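This report concerns only the one structure given below.
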C-alpha cells in the first residue's frame, strides 16, 4: 500500500489517529499540532500550508507510520519501519524538506535515504529525549518567591521571552505571537516571581491530547539562571497538569543541555524515547551518527 499524502488534517486524523493513540506519549506533538490546525486553520503555524502522510504496509492494513509537516519547521516523523522511512524519502511530495525531526530511528533511516537519493549532506542539529513524569518530587527548599498564571498584561514579556528562547534553540520565529496568545487565553503559561514580584522564569503546558500534556516553553533569562527558578516554575506547571487528570505529563529535552536534563530527572521525569533533528545541506552524503556509515 505505501504512503498516502494529504493537505487536510481531518483526512490525516481519520486515517492516523488510531495509530497515534497507540503511543500517545511518543506521538503527543503530532496530536496537539493536528488539534491546533483543526482549531485555528491551516495557517496556524505559518503561511505555507501543512502536509500530512500515513503509511500502511498493505492494502486494508493498519497505519504503521505517519508524519506531519508545518513549514518552516522540518517534517515530524513518528516511529516507523525502516522501509517506510526510506519510501518516504523516495516519494517525498513537494519542495525539499530541508531536514527532518522526530523518532530517532525513523529520522536516521529517512536521512540516509534522502542523502542517497539527492546527494545532499545531512548533519545532526539536535538530539532530543521524551521524558514522562513518574512521581513529582519538588526540590526542598524551593526557590524564593511564588508562581502565578500569566495573563494579558504579561503579553509583551511572554513574547519577548518566547522569541529569546526560540533564538537560543535555533527554531524559526514565525508563530511566536500566536503561540503566546493561545497560551494566555487558555491559562497555559506560568511565571515564577521573586518575593518583590519580579518575573524571573516561565513555563507552559499544552492542552490535553489522548491523556497527555507536555510541559513546554521553559525559559529563564540568563541573568536569573542558576537560582532554582526553572525548577520552581516547572514544578508548578507539572502540578497544574496533574490536577487536570492527565495520565501522562511529558517533557522533551535537548540532550546537549545536561543542566536542564539533570533538573528534570531530579523532579521525577524519566526517559521514554529518543528523538533526532537533522538538517540537509548541499554536497555529498555525510553520516554523523544518524545511520549506517
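Normalising by residue count, segment 200-254 has a Cα convex hull of 71 Å³ per residue. When peptides 23-33, 161-171 are sorted by average Cβ neighbour count within 10 Å, with the highest value leading, the order is 23-33, 161-171.
Can you give the FRET efficiency to the nearest 0.05 for residue 207 and residue 164, using r as the Cβ-Cβ distance and R₀ = 22 Å? Don't jump to the answer; show the numbers that get you there.
On the way: r = 24 Å, r/R0 = 1.09.
Result of the calculation: an efficiency of 0.35.
Give me 254, 151 sorted ascending by neighbouring Cβ count inside 10 Å, so fewest comes first. Show your work: numbers first, answer last.
Details: 254 16, 151 13.
Listed from fewest to most nearby Cβ atoms, that is 151, 254.
Each 10 Å bin, from zero up to the one with the longest distance, holds this percent of the alpha carbon pairs of segment 1-127: 13, 48, 34, 5.
The simple Förster model, with R0 at 41 Å and r as the Cβ-Cβ distance, assigns residue 137 and residue 1 a FRET efficiency of 0.35. Diffusion coefficient of segment 52-108 by Stokes-Einstein, Kirkwood radius over Cα pairs, 20 °C, 1.002 mPa s: 186 µm²/s. For segment 135-267, the extents of the C-alpha atoms along the principal axes are 37, 35, 31 Å, listed from largest to smallest. The packing ranking, built from the mean of other Cβ atoms within 10 Å per residue, places the peptides 262-268, 189-195, 203-209 in the order 203-209, 189-195, 262-268, highest first.
Listing 277, 21 from the residue with the fewest other Cβ atoms within 10 Å to the one with the most, what is the order? Don't skip to the answer; put the middle values down first.
Numbers: 277 21, 21 13.
With the fewest neighbours first, 277, 21 line up as 21, 277.
Using the rule -39500 (n - 2.57) for each DSSP H run of four or more residues, divided by the residues of the chain, the 222 nm mean residue ellipticity is -11000 deg cm²/dmol.
State, to one decimal in nm², a quarter of the convex hull surface area for the C-alpha atoms of the chain, i.e. the direction-averaged projected area. Working shown, then result.
Values: hull surface 60.4 nm².
Mean orientational projected area (the chain, Cα hull): 15.1 nm².
Each of the peptides 66-74, 11-19, 240-248 was scored by the mean count of other Cβ atoms within 10 Å over its residues; in descending order, highest first, they stand as 66-74, 11-19, 240-248.
Between residue 272 and residue 91, the distance separating the two model label sites (each 7 Å from Cα on the Cα→Cβ line) works out to 2.8 nm.
What is the calculated FRET efficiency for residue 14 to residue 118, with r their C-beta to C-beta distance and R₀ = 41 Å, to the nearest 0.05? According to the calculation, E is roughly 0.80.
No lab work stands behind these numbers, since they all come straight from the coordinates. Worth saying up front: this structure is predicted, and the values here are computed from it rather than measured. Reconstructed Cβ throughout: ideal geometry from the backbone, glycine too, with neighbour counts over all protein chains shown.
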